[in-house]
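Asker: Take this structure, written in structure tokens, and hold onto it; I'll ask about it next.
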């Protein structure tokens, strides 16, 4: 079996938001919608204060609450674990947004643009009309994965088959790959480091891992 | 995303990011839960009236109209209204699909029951209506991101509140006999019990501070008080009815008590539902259990604990 997961090494992330920008650029999301976000956090109390950056987005859960509630079957889970939204089926009821414990989904009701009522040249070239009025979220750049694997490329190792945010990460904080491949980079990273996942108690079995220290669990 | 309006910060397990109010379901969604609850209560009251030989067409049709109005409000809210039929695609897991299926069966049954003035069909409609209301309650329960909705006690609250609202409205449309008054008082008390049970569950939930703050604000507290006044007025009318005293003035006073109490009970319960769906609906806090260890290892890293984390901003 294959299960694609994302790994964020919190020790490496510098909060540059390049992943956010790459995602917006590549996926043509409207203003206000960020499929890949980086939380900017402040730790401690003055004068012992530091910053922590936590990339978040859809966790591609093995037990996704969003899919369970979706009345239209627009939200689906692929055999490789990726959760997708069929924009042509979604009715825009926002129920999945209410069910996602990770605040990973968005919905824009009207098309709007970064500057005024008309799209810029870049927005016009990249905008996706079918994202208006429906739920949207990170899909691990599933189109790149499918196109890449069809050419024999390996997601997470070959950039052309890897999510844009991972390719763009300047510090190597983001990794992607098949967690069920014991020799793959993702499995090795998780075996050699201490990690956590968000909201484990929800029982969603998220596919987004956060490395915070060296050593095994 | 700017979360400067976030609330509900907690620091009990090391790190927690503030919750925020949901902004996708507004008064139109609240209208569905209001119409569904009140409509169900009216239909059940109509079924009881049909059994006792009382005219029941008006409460039955009004109940169906309220449910249909609620569904119409939701239809106006969804992003792709012309794809509304897609709502029927997931009966296996989605309570929203089940709500739609039950409604699509119940409303035709109800119309036929009203046209034929048939008590048996009216009871069948009432059973379907209760099923519809149960689906609505489970819709909220399944919304796991929203702390105020995901409590298991929400199911009893939505059921009891809906019946209380409907029985209260039934008093206004004429079902003011002893049974009608008794049902309204019983449902009102059940709603009070369910509300206290629900609030107790919220108080046990670490991430529910923001929702509790909304319910504890002056306006909701006044709503709760007025609701109890309404319930007391209906109870007074019931006592008059049970005492068996009659007379033009007494009957008129009893009617005023029942109608006034019913109106207060229904309106305030609607208000509380609107608050529940819109103002009190906060996401759960996002807990980051540990923070990264960079460079020299602080002492706190030895046991895997991190210092308290305060969110400055999130982009």
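The values are calculated or read from the model by the stated rules, or taken from the named source; none is laboratory data. All of these numbers come straight from a predicted model, not from anything done at the bench. With ideal geometry, Cβ positions are generated from the backbone for all residues, glycine too; neighbour counts draw on all protein chains shown.
Asker: Regarding residue A:104, is this residue closer than 17 Å to residue A:34 by Cβ and out of contact with any strand residue (DSSP E or B) (no Cβ under 8 Å at 6 or more places or on another chain)?
Answerer: Working: closer than 17 Å to residue A:34 by Cβ: yes; out of contact with any strand residue (DSSP E or B) (no Cβ under 8 Å at 6 or more places or on another chain): no.
No.
Asker: What helices (runs of 4 or more DSSP H) completely inside segment A:82-178 contain at least 3 residues that are surrounded by 15 or more Cβ atoms within 10 Å (Cβ to Cβ) and at pLDDT 95 or above? I'd like the intermediate steps shown before the answer.
Answerer: Details: elements: A:95-99, A:121-126, A:142-150, A:164-168.
Here the list reads A:95-99, A:142-150, A:164-168.
Asker: Looking at residue B:241, is it modelled with pLDDT under 95, assigned to a helix (DSSP H, G or I) and buried (at least 18 other Cβ atoms within 10 Å of the Cβ)?
Answerer: Working: modelled with pLDDT under 95: yes; assigned to a helix (DSSP H, G or I): yes; buried (at least 18 other Cβ atoms within 10 Å of the Cβ): yes.
Considered against the rule, which asks whether it is modelled with pLDDT under 95, assigned to a helix (DSSP H, G or I) and buried (at least 18 other Cβ atoms within 10 Å of the Cβ), residue B:241 comes out as yes.
Asker: Of everything in segment A:107-116, what is at the interface with chain B (Cβ under 9 Å from one of its Cβ atoms) and touching a residue at least 40 places away in the same chain (Cβ under 8 Å)? Give them in sequence order. Full working, then the answer.
Answerer: Keep residues of segment A:107-116 that are at the interface with chain B (Cβ under 9 Å from one of its Cβ atoms), which gives A:107-109.
The one that is at the interface with chain B (Cβ under 9 Å from one of its Cβ atoms) and touching a residue at least 40 places away in the same chain (Cβ under 8 Å): A:108.
Asker: Follow-up question, since we're still on this one. Every residue in segment B:76-100 that is under 18 Å from residue B:39 (Cβ atoms) and either surrounded by fewer than 16 Cβ atoms within 10 Å (Cβ to Cβ) or more than 20 Å from the chain's Cα centre (by Cα) (or both), please.
Answerer: Residue satisfying the conditions is B:76 alone.
Asker: For segment A:69-90: of the residues being closer than 29 Å to residue B:280 by Cα and in contact (Cβ under 8 Å) with a residue 60 or more places away in the chain, which is farthest from the other protein chains (Cβ to nearest Cβ)?
Answerer: The qualifying residue farthest from the other protein chains (Cβ to nearest Cβ) is A:75.
Asker: Right, next: Within segment A:40-53, can one find any residue that is within 16 Å of the chain's Cα centre (by Cα) and at pLDDT below 95?
Answerer: Restricting attention to segment A:40-53, the residues satisfying the condition of being within 16 Å of the chain's Cα centre (by Cα) are A:53.
Among the residues that remain, those that are also at pLDDT below 95 are: A:53.
Yes, there is a match, as at least one residue in segment A:40-53 is within 16 Å of the chain's Cα centre (by Cα) and at pLDDT below 95.
Asker: Right, something else. With respect to residue A:28, is the statement that it is surrounded by fewer than 23 Cβ atoms within 10 Å (Cβ to Cβ) and touching a strand residue (DSSP E or B) at 6+ places or on another chain (Cβ under 8 Å) true? I'd like the intermediate steps shown before the answer.
Answerer: Details: surrounded by fewer than 23 Cβ atoms within 10 Å (Cβ to Cβ): yes; touching a strand residue (DSSP E or B) at 6+ places or on another chain (Cβ under 8 Å): no.
It is false that residue A:28 is surrounded by fewer than 23 Cβ atoms within 10 Å (Cβ to Cβ) and touching a strand residue (DSSP E or B) at 6+ places or on another chain (Cβ under 8 Å).
Asker: If I filter segment B:48-66 down to residues being part of a loop (DSSP other than H, G, I, E, B) and touching a helix residue (DSSP H, G or I) at 6+ places or on another chain (Cβ under 8 Å), which single residue comes out as nearest to residue B:163 (Cα to Cα)?
Answerer: Here is the first cut: in segment B:48-66, the ones part of a loop (DSSP other than H, G, I, E, B) are B:52-56.
Applying the additional criterion that residues be touching a helix residue (DSSP H, G or I) at 6+ places or on another chain (Cβ under 8 Å) yields B:52, B:55-56.
Working: B:52: 19, B:55: 19, B:56: 16 Å.
So the residue we want is B:56.
Asker: Kindly indicate whether any position in segment B:25-41 is on the phi < 0 side of the Ramachandran plot and over 15 Å from the mean Cα position of the chain (by Cα). Give the steps one after another, and end with the answer.
Answerer: If we filter segment B:25-41 for residues that are on the phi < 0 side of the Ramachandran plot, which is where we start, we get B:25-41.
Then keep just the ones that are over 15 Å from the mean Cα position of the chain (by Cα); that gives none.
Taking every residue of segment B:25-41 in turn, none turns out to be on the phi < 0 side of the Ramachandran plot and over 15 Å from the mean Cα position of the chain (by Cα).
Asker: Checking the conditions here, which among A:6, A:1 is part of a strand (DSSP E or B), more than 10 Å from every other protein chain (Cβ to nearest Cβ) and closer than 20 Å to residue A:142 by Cβ?
Answerer: Values: A:1 fails: part of a strand (DSSP E or B).
When all the criteria are applied, what remains is A:6.
Asker: Can I ask one more? For segment B:73-103, enumerate the residues that are out of contact with any helix residue (DSSP H, G or I) (no Cβ under 8 Å at 6 or more places or on another chain) and assigned to a helix (DSSP H, G or I).
Answerer: Correct list: B:82, B:83, B:85, B:86.
Asker: Now for a separate question. Would you point out which residue out of A:142, A:52 is touching a strand residue (DSSP E or B) at 6+ places or on another chain (Cβ under 9 Å) and either farther than 29 Å from residue B:89 by Cα or within 12 Å of chain B (Cβ to nearest Cβ) (or both)?
Answerer: Numbers: A:142 fails: either farther than 29 Å from residue B:89 by Cα or within 12 Å of chain B (Cβ to nearest Cβ) (or both).
The unique qualifying residue is A:52.
Asker: Condition (residue is on the phi > 0 side of the Ramachandran plot and within 11 Å of chain B (Cβ to nearest Cβ)) applied to segment A:56-68: is it met by at least one residue?
Answerer: no
Asker: Can we say residue A:93 is at the interface with chain B (Cβ under 7 Å from one of its Cβ atoms), within 14 Å of residue B:78 (Cα to Cα) and over 13 Å from the mean Cα position of the chain (by Cα)?
Answerer: On the way: at the interface with chain B (Cβ under 7 Å from one of its Cβ atoms): yes; within 14 Å of residue B:78 (Cα to Cα): yes; over 13 Å from the mean Cα position of the chain (by Cα): yes.
So residue A:93 fits the description; yes.
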